[in-house]
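Below: one structure, written as structure tokens.
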Amino acid sequence: MNAAVILIVGIVILALGYVFYGGWLSKQWGIDPSRTTPAHELEDGMDYCPAKAPVLMGHHFSSIAGAGPINGPIQAAVFGWVPVLLWVLIGGIFFGGVHDFGALFASVRNDGQSIGTVVESSIGKKAKRLFLIFSYLTLILVVAAFASIVANTFKATYLESGAVDVAKSAANATTAIISLLFIVLAIFFGFFVYRRNAPLGVSTLIGVVAIAVIMWLGIKWHPIYLSYQTWMIICGIYILVASVTPVWILLQPRDYLSSFLLYAMMLLALIGVVGAHPSLDMPAFTGFVDTVAPTGSSLGYMFPALFVTIACGAISGFHSLVGSGTTAKQLNNEKDAQPIAYGGMLIECVLALVSLCAVAYVWERYKTGEVVTPTVVFATGLSEMLGKVFGAGAVNVTYTLMVLAVSVFCLTSLDTATRLARYMFQEFWLKPGEKVSDPTVTGARKVLCNPYVSTAITVVLGIALGMTGYAKIWPLFGAANQLLAGLGLLAVAAWLGKMGRNNKMFIFPMIFMQSLHEEKGAFLFRIEYKGSLDERKKSEFVKKTASLLEEKSERMLINSISDYEIEIRIVESKKGGYLPFLRLYTMEDERFVYRKESIAASIAPVNAALIMQIAGDYLKENAQVLDPFCGVGTMLIERKYFRSADPLY
């Protein structure tokens, strides 16, 4: 199959879905262009601030995209291009678009409050608190994951001597300096547009030219080379400041300008895919179990792995938090809800299809593990396609543009996620109908609802978690994110039902998303070898043994280097044989739980009897001696039960 055909047909299907299904949803829910939105009714210049549709579209899309529509399809490509294509198209039109559009609409009709408030009005206060807790923890994972992605994109590479490897660090340093200059540009843009009333059209033209200038400058001049840990701290300071400033200073202008990076990236991607029109080297379907495992770790069974891995390209719970958080507070008119929420989701689907074409182009290198990092796969595939269209000289420039675009989206999602977490942290302490500025909010609640305090708590938790590593965070985020999507669908469906509107379009997506978390799937295992074999033979032995175990277990056992539930240790004996040892991390060992309340000692029986007599007055009533001759004379004094030691000795 030709990549250009898949991309063009996919875009046509998504466009038809927007016009017909999206338009039908607007009629069913009663979108009212004459109704005043919270952005006007509650305008405060900080969070509630009406924005023109193109500006808000830039913010909304940049916030929901992040690295999700790039990472997910590339990682899930191990199942083949057909499953990825079907889930992106069906999921985007009938799952994600409905979810995003519904969340934004429900929030707008509830004073721009989060989905938690919608849950409270439709289900109850306890449900609201549970939803806010789960959402807040999910947002902490988002902050941690995206901060880690940004820091990895910016970090320098070091030699064994500790010096910076300038050659290997140049690309990351370029991305870092362009991203920093981009933030400065956004601040100037916001100041002149919102405080000096500069025409949006003229300002946009100047802003786009300025983006090109700072990209050229960043390629030529990139003096900042810092470590991963340093960039994580800088990211923390940035989001601490950015998420409490008025939206017109940074959030709106930065996201609006970043949308033009998206448009440029999407246009170049279309030119690259259509111009190079490569054939898809990757198989249409590889099977119901991931046997490719380019990273060395299998995704396991296609259900639920495919539907959890591809989130932002089909349906993502994080989108409901963005729509009901920052977007609802800036919506100028209800008629803008469909193009921004439903349309934004479908544009993200297009980006997911582009990512699929990129991984298909470098499939041979991807499946062997030569190129596996999603951002690198994305940038490499598209830049090489563009190199075929414009010549080899275009490869480096377009590669930098692709990586920069991903970095900008991640920074946007990072800022937005922190601001959303602040909203939810504040909402948790408020009573029904109460606002942060109300005089009834006093004492500890007033401190916790303070925007600087709530933001600082979120930043510290997120950055600290991010320091533990992106690989440990992402599996948790994927599952939590899709469970959040199911909860978001449930909340909006309940609210629409209470309002007397048609909510049947939520039933199947809601049941399906919840079912993703009910299936156990395969068990993950890891093999560790201890013996005399050299590293090469050891690696071959472990791989062959793992492959046999997967085959004999009919894929109910999957080899994995992380998050494994079973550890198999094969130890070479002195006689030349092998001793297998098994450790199960999923089974709780309760044999010695009682020792948490016991005193263990190796002691002669006569001394045990003596101690019991001496200690008896200090022990609880009705306590007793357990296993006085356990092991080699180990005495256990159980504090809950005691009877006189005399009859036992």
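The values are calculated or read from the model by the stated rules, or taken from the named source; none is laboratory data. Just so it is clear, the structure is predicted and the values come from calculations on it, not from any experiment. Ideal geometry is used to build each Cβ from the backbone, glycine not excepted, and the neighbour counts take in all protein chains shown. Heavy atoms of the whole protein, side chains included, go into the accessibility calculation; ligands, DNA and RNA do not. Shrake-Rupley method; radii C 1.70, N 1.55, O 1.52, S 1.80 Å.
For residue 352, the requirement of being open to solvent by less than 10 Å² (accessible area, probe 1.4 Å) and within 19 Å of the chain's Cα centre (by Cα) is met. Give the residues of region 291-311 that are of a type outside the set (Gly, Ala, Ser) and open to solvent by 10 Å² or more (accessible area, probe 1.4 Å), sorted by residue number. Of everything in region 291-311, those that are of a type outside the set (Gly, Ala, Ser) and open to solvent by 10 Å² or more (accessible area, probe 1.4 Å) turn out to be 291, 292, 294, 295, 299, 301, 302, 303, 304, 307, 308, 309. Residue 363 meets all of the listed conditions (1) modelled with pLDDT of 85 or more; (2) surrounded by 24 or more Cβ atoms within 10 Å (Cβ to Cβ); (3) among the aromatic types (Phe, Trp, Tyr) but one, namely (2). The single condition among (1) farther than 16 Å from residue 235 by Cα; (2) open to solvent by 10 Å² or more (accessible area, probe 1.4 Å); (3) of a type outside the set (S, T, N, Q); (4) touching a residue at least 12 places away in the same chain (Cβ under 8 Å) that residue 155 does not satisfy is (1). In this structure, is residue 306 over 14 Å from the mean Cα position of the chain (by Cα), under 22 Å from residue 144 (Cβ atoms) and touching a residue at least 12 places away in the same chain (Cβ under 8 Å)? No; evaluated as a whole, the condition is false for this residue. Do we find a residue being modelled with pLDDT of 85 or more, touching a Leu at 6+ places or on another chain (Cβ under 9 Å), among the hydroxyl-bearing types (Ser, Thr, Tyr) and not in a helix (DSSP H, G or I) anywhere in region 233-245? Yes: one or more hits. Residues of region 420-447 being hydrophobic (A, V, I, L, M, F, W, C) and either touching a residue at least 24 places away in the same chain (Cβ under 8 Å) or buried (at least 16 other Cβ atoms within 10 Å of the Cβ) (or both), which ones? Across region 420-447, the qualifying residues are 420, 421, 424, 425, 428, 429, 430, 436, 441.
Looking only at region 404-419, decide whether some residue is under 16 Å from residue 268 (Cα atoms) and surrounded by fewer than 19 Cβ atoms within 10 Å (Cβ to Cβ). No, there is no match, as no residue in region 404-419 is under 16 Å from residue 268 (Cα atoms) and surrounded by fewer than 19 Cβ atoms within 10 Å (Cβ to Cβ).
Which of the residues spanning region 118-127 are part of a helix (DSSP H, G or I) and either touching a Pro at 6+ places or on another chain (Cβ under 8 Å) or modelled with pLDDT under 85 (or both)?
120, 121, 122, 125, listed by residue number.
Of the listed requirements (1) touching a strand residue (DSSP E or B) at 6+ places or on another chain (Cβ under 7 Å); (2) surrounded by 13 or more Cβ atoms within 10 Å (Cβ to Cβ), residue 532 misses just one: (2).
Pairing residues of region 496-518 that are within 22 Å of residue 23 (Cβ to Cβ) with residues that are β-branched (Val, Ile, Thr), at Cβ distances under 8 Å and at least 6 apart in sequence or on separate chains, gives 503/492; 505/98; 506/98; 506/492; 509/98; 509/315. Of all residues in region 192-220, those that are under 32 Å from the mean Cα position of the chain (by Cα) and aromatic (Phe, Trp, Tyr) total 1.
Listed by position, the helices (runs of 4 or more DSSP H) inside region 262-368 whose residues that are in contact with a helix residue (DSSP H, G or I) (Cβ under 7 Å, 6 or more places away or on another chain), closer than 14 Å to residue 65 by Cβ and of a type in the set (A, V, I, L, M) number at least 1 are 317-322, 343-361. Applying a threshold of 7 Å to beta carbon distances and a minimum spacing of six or more residues, or different chains, the list of pairs starting in region 458-473 at a residue that is over 12 Å from residue 237 (Cα atoms) and ending at one that is at pLDDT 60 or above and outside any helix (DSSP H, G or I) reads 471/562. Condition check for residue 71 on (1) more than 13 Å from residue 492 (Cα to Cα); (2) open to solvent by 20 Å² or more (accessible area, probe 1.4 Å): one failure, at (2).
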